[in-house]
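The values are calculated or read from the model by the stated rules, or taken from the named source; none is laboratory data. From a predicted model like this one, the values you see are computed outputs, not experimental measurements. We place every Cβ from the backbone using ideal geometry, glycine too, and count neighbours over all the protein chains shown. With ligands, DNA and RNA removed, areas are computed over all heavy atoms of the protein, side chains included. Shrake-Rupley method; radii C 1.70, N 1.55, O 1.52, S 1.80 Å.
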Amino acid sequence: MNFENFITSNTGLMHFIASLFALLLGTFILILQKGTSTHKIIGKLYVLTMLVLLITAFMTYRLFGKWGIFHWMAVISTVTLLCGIIPISIKRPVNNYVLLHFSFMYWSIIGVYGAFVSETLVRIPKVVVEGGIPNNVFYNLIAIGTILVMGFGAYFFIKLRPKWERQFGIAANKK
């Protein structure tokens, strides 16, 4: 693996630590029973960890020296996180705020897995960055990692959504 200059700043260190906690907390959220006090506590910790992760992501420009693909992914992650927090916080829309919360938070966590896989893949071969510039291998590895994780995520989302709907008495077609 290419761990040369793996962590080069305090911001990078904070980002790395937050990403580890987000992976761990997100995994607990996925496997533990939903709606319990434990779920709510871990969920709040996950949100705080994600806020640190996202803020530090927007502060990192080492790879490109400017706005890059990982910043765009952080924008998507921010939107997904907010769309998961808002419905459960304001309890709106009345008939399906729980399903919206679960759906967006699920994809938030899957996005963290996708980022982990992409980050790991681009660090394996040293050839992904030539002369400080990411090449096609870099982008192909990001695409492969993201597509694989999101594909698995979609499979489990489709499989688990009916369970969530039954658990909380949610009708998928309520408006």
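Using Cβ point charges alone (K and R +1, D and E -1), the dipole size of the chain about the Cα centre works out to roughly 800 debye. The count of lysine pairs in the chain whose Cα atoms are under 16 Å apart, excluding pairs fewer than 8 places apart on the same chain, comes to 6. Model label sites at Ser9 and Ser89, defined 7 Å from Cα along the beta-carbon direction, differ in position by 2.7 nm.
Excluding ligands, DNA and RNA, the accessible surface per residue across the chain is 60 Å² with a 1.4 Å probe. For the pair Thr27 and His71, the difference between a 0.36 nm per residue extended length and the Cα-Cα distance amounts to 13.5 nm. Site pair Ile147 and Val79 shows an inter-label distance of 2.2 nm when each label is modelled 7 Å from Cα along Cα→Cβ.
Share of the chain's accessible area from carbon and sulfur, percent, 1.4 Å? List each step's numbers first, then the result.
Working: 7410 of 10520 Å².
The nonpolar share, carbon plus sulfur, comes to 70 percent.
Take Trp67, Trp72, Trp164 and sort them by solvent-accessible surface of the protein heavy atoms, 1.4 Å probe, largest at the top. Could you put the intermediate results ahead of the total?
On the way: Trp67 100, Trp72 155, Trp164 15 Å².
Putting Trp67, Trp72, Trp164 in descending order of accessible area: Trp72, Trp67, Trp164.
How tilted is helix 69-90 with respect to the longest principal axis of the chain? Cα atoms for both, answer in degrees (0 to 90, nearest 10). The two axes meet at around 20 degrees. Residue-normalised convex hull volume from the C-alpha trace of the chain: 119 Å³ per residue.
Highest mean packing first, where packing is the average number of other Cβ atoms within 10 Å per residue, the peptides 91-98, 75-82 line up as 75-82, 91-98.
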